[in-house]
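Read through the structure below, which is laid out as C-alpha cells, and then see the notes.
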Amino acid sequence: MAVLVTGGAGYIGSHMVWELLDHGEEVVVLDRLSTGFDWAVPEAAELVVGDIGDQTLVEETIRRRGVDAIIHFAGSIIVPESVADPLGYYFNNTVKSRALIESAVCCGVKHFIFSSTAAVYGTPRTNPVTEEELLQPESPYGTSKLMTEIMLRDTAAAHDFAYTALRYFNVSGADPKLRTGQSTKGATHLIKVACETATGKRPSMDVFGTDYPTPDGTCVRDYIHVSDLVNAHYLALRRLRSGAGSLVANCGYGRGYSVLEVIDAVKRVSGKDFNVVESGRRPGDAVAIVASAERCVSELGWRPAHDDLQEIVSHALRWEEALARRNRL
Ligand code: UDP
C-alpha cells in the first residue's frame, strides 16, 4: 500500500513526502519536474516522472504500487501568470485534476487530499475567515482551485470516495532538519524574497504598497510553517482512512503579520539590515487575510508545532544558506 503524492518534487510536496516517510508510509511521487527538482525527492520514495493528466501512467502507477490515497499538490501557482494565461491555468489545474480524480475513481482509490488555497475567498468580508465565507476568487488561479474543489464534492457524492480540501494561507519556512525547502527559482513570496535579500542573492526588495488601511499601511497575511501544513495533511490522511467523510478546512494559524513586520523579523533573525524599497501596490493583493483555524484543530486534531514567525523565518533563512551552498557545488 502506498500514498501517491503529485507534485512531490516541489516545495510543499517534498515536505509532504518526508512527513509520510517519517510516519513509516510507502510513497510514490508523480512529478513532471517542470518546477520541482528530482533531488528534492528522498531516495526512500519512488519518483515517477510524468504528468498527472496522463491517465495511462497514473493508473498503471496506482495499480502497480497499490495506492490507497492520493495527495494532490501538482499545479500552477502564480496568480499574475494565471491572469495572463487563464486557459493555461484551467488546463493545468482544473482539467488535469479532473483526469486525476477520474483515475482515482477508476482504480478504486477512495481517499483524496487536495491542496486548495485561501485565494478561493478572494477578498473576505471579515477576518478571521471561516470556511463558510463566500467563495469569490479574484484570479483564474483561485477559480481553477475552486473548480477542483467542486469536482471533488460532486465526485464524493456520486462514488465511494472521500476527500479533504485544505485551503492554505501563506505557506513558508523549511524543514527544520533542512532536508528540503523552497528552492523554486524566481520565487515571488515575501519570506523567500526577504531571505534572498538578507543572504545577498538580491540587492534589495520591494514593499508593495504602504497606504493600505492596516496599522502600518502594509498588507496583512497569516504565515504558516510548511511542516505544520504537511502535518495537517497527514492527519487528514489518517482521518480519511478511519472512514470519516469529506472535509474542507483552512490551514493557517489565525494570526496576521504585516509585510513590514515580516521584513523586520527577517532583519532581526539574519542580523542583516538590507535595502527595502517602498513601491506601489501590486495588482490583485487583498488588504488582509487571516484564517480561522478552528476546524483544522477540531476535525483533524491539529496541534501546530512551529507557530512562531521568528522560527519560520529562521528555518527559511537556514534553507536559503543551504541552497546557496548546494548551488555553488
Ligand atoms: N510582498 C511584498 N514584496 C515582495 C513580495 C510580497 O511587499 O517582494 C507582499 C505582497 O504584496 C503581499 C504580501 O507580501 O501583500 C504577501 O505576498 P506573497 O506573494 O508572499 O503571498 P500572497 O499573499 O500574495 O499569496
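Data overview
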{"item": "Relative contact order computed over the chain (Cα-Cα under 8 Å; 6+ residues apart), in percent", "result": "18"}
{"item": "Size of charge dipole - the chain - debye, nearest 20, with Cβ of Lys, Arg +1 and Asp, Glu -1, no other charges", "result": "420"}
{"item": "Estimated FRET transfer efficiency (Asp22, Ala322; beta-carbon r; R0 25 Å; 0.05)", "result": "0.85"}
{"item": "For region 7-123, with +1 on Lys and Arg beta carbons and -1 on Asp and Glu, the positive-most of Phe73, Met16, Val83 along the dipole", "result": "Val83"}
{"item": "Amide proton proximity set for Tyr168, modelled H, under 5 Å, gap of 5+", "result": "Ser116, Thr117, Ala118, Cys251"}
{"item": "Using θ = phi - 60° and Karplus 6.51 cos²θ - 1.76 cosθ + 1.60, couplings along region 36-52 (whole Hz; Gly, Pro as x)", "result": "x, 10, 4, 5, 7, 8, x, 4, 6, 9, 7, 9, 9, 8, x, 9, 5"}
{"item": "Exposure proxy ranking, count of Cβ atoms within 10 Å, fewest first, for Cys107, Cys296", "result": "Cys107, Cys296"}
{"item": "Under-5 Å amide H pairs with Val5, H placed in peptide plane, nonlocal only", "result": "Val28, Val29, Leu30, Ile71"}
{"item": "Residue-by-residue Karplus 3J(HN,Hα) for region 270-281, coefficients 6.51, -1.76, 1.60, Hz, glycine and proline x", "result": "7, x, 10, 9, 8, 7, 10, 9, 7, 10, x, 4"}
{"item": "Over the chain: helical MRE at 222 nm, DSSP H runs n ≥ 4 each giving -39500 (n - 2.57), nearest 500", "result": "-12000 deg cm²/dmol"}
{"item": "Relative contact order (%) - region 101-224, alpha-carbon pairs under 8 angstrom, separation at least six", "result": "23"}
{"item": "Residue-by-residue Karplus 3J(HN,Hα) for region 211-226, coefficients 6.51, -1.76, 1.60, Hz, glycine and proline x", "result": "10, 7, x, 10, x, 10, x, 10, 5, 10, 9, 9, 8, 10, 5, 4"}
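No value in this document is a laboratory result; all are computed from the given coordinates. Keep in mind that this is a model prediction, so the values were computed, not measured. Glycine also receives a Cβ, built like all others from the backbone with ideal geometry; neighbour counts cover every protein chain displayed.
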